[in-house]
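One structure is given here, and the rest of the page talks about it.
The values are calculated or read from the model by the stated rules, or taken from the named source; none is laboratory data. Predicted, not measured: the structure shown is a model, and the values here were computed from it. For neighbour counting, all protein chains shown are included, and Cβ atoms are generated from backbone atoms with ideal geometry for every residue, glycine included.
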Protein chains: 2
Amino acid sequence: MAPAAVNEATAAVSPAGGAPSEGGAHAPVTDQIRDAIVRGEYAPNQRLIEADLSAAFSASRATVRTALLELAGEGLVERLPNKGSRVRAISVDEAIEILEVRIGVEGLCAAKVAEHLTDEQAAEFARLRDDMAASVEEGDLVEYSRLNRALDVRVRELSHHATASDVLARLHAQSVRHQFRLSSRPARAKVSVLEHTAIIDAILARDPEAAERAVRAHLLSVIEALREVTAREAV
Amino acid sequence: MAPAAVNEATAAVSPAGGAPSEGGAHAPVTDQIRDAIVRGEYAPNQRLIEADLSAAFSASRATVRTALLELAGEGLVERLPNKGSRVRAISVDEAIEILEVRIGVEGLCAAKVAEHLTDEQAAEFARLRDDMAASVEEGDLVEYSRLNRALDVRVRELSHHATASDVLARLHAQSVRHQFRLSSRPARAKVSVLEHTAIIDAILARDPEAAERAVRAHLLSVIEALREVTAREAV
DNA sequence: AGCCGCGATATTGTCTACAATCTTAGAACC
DNA sequence: GGTTCTAAGATTGTAGACAATATCGCGGCT
């Protein structure tokens, strides 16, 4: 019953296990394809052929087409006119670019949060900070990575800055693949947790400028780490 | 022969003169619609009905649909599921948000430019700076506004930062309408030109941090001006 | 008179078929 | 043997028709 691996011609590997999804009944093809991409079931640069996707998700080609258009808008797929769509590959250089942009935008968000922090929110951040420290202490990198994302998301939400959130969401979606690269390094986590603590502390102190600086310091450190890792891999 | 004003129900006004374009032969419907929007021929919040657009541009509804999807990706139109598309209206608050985000991203670009400035580029910027000053001196606000845009574009290009350029292009497209609001005020130009001079001087000095600060100062000033103008209009 | 449900209309979402375009393989030719 | 033209195949782009959904006005009920 295995529903057709989607075009293996260009890509080195095909989607991992079975099809990206099957039980899904009748509508959110966009979400299904997006999930498949961010989960890595479609490799970077893999061609996404409308007919194949149509078959795989049992939707019409028109539906798949709109989905691809939307995903292109999110920067997840690349559309070559008359040549088709493929999973957009983010090079390390681009990943660094994304981090550089994030410095400004996440800095802004953190500053906004620090400015308008309520007491409940403060308590929440304090808890988050302690949980992060604990998870690193125990060496639970998966949990730490989860808390990490939670912090990002929460900062974005509480900034109440729709434009910034939007930009960040888009950038984040594109770089999931590289994020993963660092999060699995215990040594990296030890440094990272300190930086995150600094960010949270600055927010708790309701000091916007300090928060911005802390975010910048953190992201610069991530950039550095990414450079190192890839330099080592290149050997 | 007047090719159907596109749905006037929701919008207070209909497209200005005739149709947004007619001679256009056979393909770039997306560009035509985008132009119509940024040129203000379709009012903010105006509904964009696929059938009407299809007739107006003599293209199939499928084509129009693709165009709308793309424009939605650029943030120019809003798509309400099952309810249709309309020209996205940018409120003053959103315009300010956009400017806030631009602080970080344009600051980054300016810094990059300052870092890698060649001598020819330096000469170009110096010329641009002098032209700007001259145009303000002569009270030629149209020319000043043009040079203004030219500066922005050039900084983006020379930053060689694809991600930042992308983000800025998107944000810029959305806020053209508000930009216009300030550019027609002589008093504003007098202040603005000083700030732009500061930016260029920092770039010429090849001082990234100074460039970033100058950009920030400028955009903060724009935000302030925008607040003032709208406060005055609200009276 | 006011509120609720029902039917007509307008508009988008989906599907199938066809046309245009690009890619690839093969044969003819130099 | 290599190169170029040609034709077949694969894939996207466009078109028109149908189905699903929302919007709005009318009539009935309380």
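Going by the structure shown, is B:R79 within 14 Å of DNA strand C (Cβ to nearest atom), without any contact (Cβ under 8 Å) to a residue 12 or more places away in the chain, surrounded by fewer than 18 Cβ atoms within 10 Å (Cβ to Cβ) and more than 21 Å from B:L171 (Cα to Cα)? No; evaluated as a whole, the condition is false for this residue. Residues in region B:205-216 that are out of contact with any Lys or Arg (no Cβ under 8 Å at 6 or more places or on another chain), surrounded by 14 or more Cβ atoms within 10 Å (Cβ to Cβ) and either assigned to a helix (DSSP H, G or I) or outside the structural domain of B:A123 (by TED's automatic domain parsing) (or both): 7 in all. Only residues that are basic (K, R), part of a helix (DSSP H, G or I) and at the interface with another protein chain (Cβ under 10 Å from one of its Cβ atoms): list them for region A:59-118, please. Matches in region A:59-118: A:R65, A:R102, A:K112. Being part of a helix (DSSP H, G or I), among the aliphatic types (A, V, I, L, M), within 13 Å of another protein chain (Cβ to nearest Cβ) and closer than 20 Å to A:M132 by Cβ, is that true of even one residue in region A:180-193? No, that holds for no residue. For B:V167, indicate whether it is away from every other protein chain (no Cβ under 14 Å) and within 11 Å of B:E106 (Cα to Cα). Spelling it out, it is not the case that B:V167 is away from every other protein chain (no Cβ under 14 Å) and within 11 Å of B:E106 (Cα to Cα). If you go through region A:31-47 and pick out every residue that is crowded, with 18+ Cβ neighbours inside 10 Å and farther than 13 Å from A:A89 by Cα, you end up with 5. For region A:43-98, a tally of residues being more than 15 Å from DNA strand D (Cβ to nearest atom) and either within 30 Å of A:R227 (Cα to Cα) or in contact with a helix residue (DSSP H, G or I) (Cβ under 6 Å, 6 or more places away or on another chain) (or both) returns 15.
Does any residue of region B:83-92 turn out to be in contact with a Ser or Thr (Cβ under 8 Å, 6 or more places away or on another chain) and among the β-branched types (V, I, T)? Yes; the residues of region B:83-92 include at least one that is in contact with a Ser or Thr (Cβ under 8 Å, 6 or more places away or on another chain) and among the β-branched types (V, I, T).
For region A:15-27, the condition holds for at least one residue, the condition being that it is within 11 Å of chain B (Cβ to nearest Cβ), modelled with pLDDT under 95 and within 23 Å of B:T66 (Cβ to Cβ).
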